[in-house]
Amino acid sequence: MWRENLINAKYHLSVARRLFESYEEYGGKRFLVGVINENARAAASVVRAFLIVENVVGKDSRKNLGIFIDKVAPKYLSDEIVENLVKSLEVERAQKKSPIEYARADRIVLLIDGKYRFLTANRLREFMTSVEESIFELQKKFRQV
């Protein structure tokens with residue numbers, strides 16, 4: 001089961017990277033929204049794979065994320081990577097709730113809880129890099145098993 005999540009994470013990360021490259025070439029906001037969504041799917045798959053490996057996966061996704069942050073992630077990932085994975089998931093959730101979104105220069109602007117939030121292309125790149133590094137750590141763990 002964890003292998004399926006690993007494959008899904010790789011797939012969604014590759015889609016996010018292609019969308020990001022397309023954004024750099026064409027500059028449409030829909031590309032950035034696609035990057036947010038695909039990267040969050042990749043992050044969720046990585047988190048689920050780690051939870052399955054550690055045999056602590058449950059039915060409640062919020063509890064699973066808490067278990068991942070508190071117990072599983074410190075064994076394998078740096079604090080920065082964990083923070084970026086969680087932020088990636090939070091940004092996707094906020095983007096879906098946001099009634100307003102538009103791109104300006106290299107950033108996307110979201111209206112979240114009555115406040116404008118800016119998300120830069122560089123920050124999205126950091127999110128993708130963190131997912132990629134977590135995939136690498138997951139693969140490294142299973143080469144030893």
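If you filter region 18-71 for chymotrypsin sites (Phe, Trp or Tyr not before Pro), then keep DSSP loop positions with at most 15 other Cβ within 10 Å, what is left? Nothing satisfies the criteria. Here region 1-133 is assigned +1 on the Cβ of each Lys and Arg and -1 on the Cβ of each Asp and Glu. Its dipole about the Cα centre then comes out at about 440 debye. Summing +1 for each Lys or Arg and -1 for each Asp or Glu among the other residues whose beta-carbon sits under 13 angstrom from that of SER98 gives +2.
Over every pair of different alpha-carbon atoms in region 9-145, take the mean of 1/r and invert it; report that Kirkwood radius in Å.
Here the Kirkwood hydrodynamic radius works out to 15.4 Å.
Label sites at ARG30 and SER14, each approximated as a point 7 angstrom past Cα along Cα to Cβ, lie 2.3 nm apart.
Taking 1.567 mPa s as the viscosity and 4 °C as the temperature, the Stokes-Einstein diffusion coefficient of region 1-73 based on its alpha-carbon Kirkwood radius rounds to 100 µm²/s. Multiplying the residue separation of GLN139 and GLU21 by 0.36 nm and subtracting their alpha-carbon distance yields 40.0 nm.
Given the chain, what percent of its DSSP beta bridges are antiparallel, to the nearest 5?
Details: 10 of 10 bridges.
Taking every DSSP beta bridge within the chain, about 100 percent pair in antiparallel fashion.
Values quoted throughout were computed directly from the atomic coordinates according to the rules given, and no laboratory measurement underlies them. These figures come from a predicted structure and were not determined experimentally. Note that we place each Cβ from the backbone using ideal geometry, even for glycine, and neighbour counts take in every protein chain shown.
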